[in-house]
1. Charges only on Cβ, +1 for Lys and Arg, -1 for Asp and Glu: so what's the dipole of region 181-239 about the Cα centre, in debye to the nearest 20?
2. Could you name the aspartates and glutamates in cross-link range of Lys415, using Cα to Cα under 18 Å and dropping any fewer than eight places away on the same chain?
3. Which percent of Cα pairs goes in each bin when the distances of region 119-218 are cut into 5 angstrom slices starting at zero?
4. Would you mind telling me the antiparallel percentage of the DSSP bridges in the chain, rounded to 5?
5. May I ask for the net charge around Met57, where only other residues with Cβ less than 10 Å from the Cβ of Met57 are counted and Lys, Arg are +1 while Asp, Glu are -1?
6. Rounding to the nearest 20 debye, state how big the charge dipole of region 398-467 is about its Cα centre with +1 on each Lys and Arg Cβ and -1 on each Asp and Glu Cβ.
7. Name the residue from Val133, Tyr143, Ile265 whose Cα lies farthest towards the positive end of the charge dipole of the chain, charges +1 on Cβ of Lys and Arg and -1 on Cβ of Asp and Glu.
8. Considering the Cα trace of region 47-158, what is its radius of gyration and what is Dmax, both in angstroms?
Amino acid sequence: MLTSDQVTTNHPAQGPVKKPYSFFHNVEMWFDKAARFTKWEKGILEQIKACNAVYRMRFPVKIGDHIEVIEAYRVQHSHHKLPCKGGIRYSEEVNQDEVMALAALMTYKCAIVNVPFGGAKGGIRINPKKYSVYELEKITRRYTSELIKKNFIGPGIDVPAPDYGTGEREMSWILDTYLSLKPGELDGLGCVTGKPVSQGGVRGRKEATGRGVFYGLREVLSHKEDMKRLGLEPGVEGKTVIVQGLGNVGYHTAKFFYEAGAKIICLIEWDAAIYNPRGLNPDEVVKFREETGSIKNFPGAQTLRRNTDGLELECDILIPAALENVIDAENAPRIKARIIGEAANGPLTVEADEILLKKNVLVVPDVFLNAGGVTVSYFEWLKNLQHVRYGRIEKRFTANMNHLILEQIEKNTGKPVDDAHRRLIEHGPDEIDLVNSGLEETMIEAVQEIREIWHSHKDIPDMRTAAFVSAINKIGEAYAQLGIFP
Ligand code: NAD
């Protein structure tokens, strides 16, 4: 679907060629495609779509013996619910368009999984591999103080989290900077999520996005009629899976699929892709990378000629979990997967989406599938506001009640419960149990809501459009209730 507003450039050999749409424009096009299936007037749709605030900053940091000017962003896409929420990315590719697109996706994502936040995103245009830990800390702390100066961070304003190139370490630097500059703020711990547990983080956050990808796809795979249309049996066990990006999201996704009995036949990293039709154990591959610096030449696996060749192998489920635009109009015709689970943000271009739809490939969209991270971030934020660990109050009470119930059952039936079941039933919930069950429920509920929209309207072509319809309707309701559009 190339339209006249798409930019053209002059290629020396081919003449005028269409340039791919920008990432933000892609998101806008997905939005527009879905908006036709909603009841909202143009003004409301324009407001939902627009980025409310874009903060582009430049700040100096002393690196070695010279001063480097760092370019960074924070975009708040929507204030229909507060605080805003979204990760911070460290990458050389960071630019305003990308951060705006990712912030918009956050708004829709939160609405789809019923997490009461507006969308935001941040980014620092650096290659973190080129800096020492000390330098990264300086950059992160300076970025945080810039956000504080402009009131772009705070537990009730805007709450960052990890994204590509960042993790618990960066989040704890952000927290420490915030608390130093805002001493005595009672809910200060809630200014950032994805923190280490020792600093107010919640158990299960680190693996939450990958776990959510697994729960979401498992639910999708459980629907017989949808699988029949793809020529697949329902269920995870035995499915062949390819994962691109063995970072936080990709590694955990691969691990949960492996543990559930799927066969991880190919893993793709930036410098190599490895293939083994008998299956790869993600833990062994990560250990090998730690020892050698690369997944290249992993024992028993074939290292592919080009790492991108891995995307084009035959499999049941392809999971891009690295960066955006990895499947476009050029390689989409060669994709042989039957399901694509978008664990990364924006891995498919609009053109790729359309090609894959014609090929009857089921695309499970990022805007829903990688929402596990923000869902558990929401739990972390609630924990920080409540100032109490999940399970602390009810764990012992529940265990005691369960013990009494078991005692009565044994007395009335005359049959003892075996030790393994006794341990399972008597056990009161720990924080990790509650977080994982909250995440599981959220992802299952979202699949059901999206499917209901998708299957109740015969013209909605795909799951992405249905997911956007779900988001637009919820945000539209929120604006209507705010009374902004009488
Ligand atoms: P990460 O930095 O932990 O991992 C990214 C991995 O991708 C790294 O191992 C990197 O080497 C690899 N990679 C880079 N370029 C590649 C290439 N060309 N081919 C193959 N692999 C490549 O990042 P992450 O947090 O796992 O994020 C990955 C994606 O998931 C991003 O799109 C991010 O926006 C999205 N996401 C992350 C979270 C989260 O909680 N971390 C939540 C939602 C969405």
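1. Dipole size: approximately 140 debye.
2. Glu407, Glu426
3. Calculated P(r), rounded to whole percents: 2, 12, 23, 23, 19, 12, 5, 3, 1.
4. On the way: 26 of 51 bridges.
The answer is about 50 percent antiparallel.
5. So the environment of Met57 carries a net charge of +4.
6. It works out to roughly 240 debye.
7. Tyr143
8. Rg then Dmax for region 47-158, in Å: 14.5, 49.
Taken together, the values in this text are just the output of simple stated rules run on the coordinates, not laboratory data. Quick caveat: nothing in here was measured; it's all calculated off a predicted structure. Here the Cβ is made from the backbone with ideal geometry for all residues, glycine too, and neighbour counts use every protein chain on show.
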